[in-house]
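To start, the structure itself, in C-alpha cells.
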Amino acid sequence: MAAAAQEEDEEALLTRAQAIITRVIQREDKPNPRLIHTLATLCEANEARYMQECADDPSYNNINIRNYHTIGKLANLLRENDDFYELVFCKLLSDNTYSAAVRSAAARLLLSCYSAWMPQYPHAFEDATVENIKNWVTEDAGASNEFEWKHLGKDNKPTDADMLQTYAIGLLAMALW
C-alpha cells in the first residue's frame, strides 16, 4: 500500500511539474521567475529525499539508481522537453534582456538538476552564457539597478542580483568541470 501511495504522489508531482513547464514555455517572452523557482524547489526537495534514503546504502551511488527515483524522473522531464530546456537553460542565461529575477531562477534550477544529470549529461554552456556567468560572479551586487537599499538594515533579504551572483559561482564551477 505504501508503495502505491508513493507512486501516486510521484505521478502527481510529475504532472504538476509538467503543468509548470508548460506555463513557463507559454510565457517565453516574460517568464515568471516564481514558476522556475517552484521547479527548483521540487528538484531540491526530491534530491534531498534521495540523498537521505540513500545515505546508508553505498549501492545507491550508482547513477542508474538515481534515475528510478523521483529526482531522476523530474530531472529527465526537464531535460527531455527541448523547448523548455532551450528556453530556461540556454536563452534565459545567455540573453541579458531578462531580469535578474528570471536569470537567477534559471541558474538555481540548473544547479538543482546538476547532480541528477551528471555525469551522463554534462551541461554544455554557450560562449555568451559563460561570459554572463563570469560577469555575474565579478559584478558588484551593490552597483546593480535592482539593489534595494531597504534590505541593508532590517532583514538582510538577498536581492535578485545577490542570488544571481551566488548561483553564478555554482554555474562557473559547472562550466569549469
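The values are calculated or read from the model by the stated rules, or taken from the named source; none is laboratory data. Bear in mind that the values here come from a model prediction, so they are computed numbers and not experimental data. Every residue, glycine among them, receives a Cβ derived from its backbone with ideal geometry; neighbour counts consider all protein chains shown.
The table below gives the values:
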read-out: Pair list, Cβ under 7 Å, 6 or more apart: region 34-57 residue within 11 Å of His69 (Cα to Cα) and free of Cβ contacts under 8 Å to residues at least 24 places away in the same chain, other residue of a type in the set (Lys, Arg) and in a helix (DSSP H, G or I); value: Tyr50/Arg66
read-out: Among the candidates Glu126, Glu148, Glu53, Glu86, residue that is modelled with pLDDT of 90 or more and surrounded by fewer than 14 Cβ atoms within 10 Å (Cβ to Cβ); value: Glu86
read-out: Complete set of residues in region 24-33 that are touching a residue at least 24 places away in the same chain (Cβ under 8 Å) and either under 13 Å from Phe84 (Cβ atoms) or touching a Leu at 6+ places or on another chain (Cβ under 8 Å) (or both); value: Val24, Ile25, Glu28, Pro31
read-out: Some residue of region 131-140 being within 15 Å of the chain's Cα centre (by Cα), at pLDDT below 90 and not aliphatic (A, V, I, L, M); value: no
read-out: Exclusive hit being modelled with pLDDT under 90 and either in a helix (DSSP H, G or I) or closer than 22 Å to Ala48 by Cα (or both), set Gln120, Gln165; value: Gln120
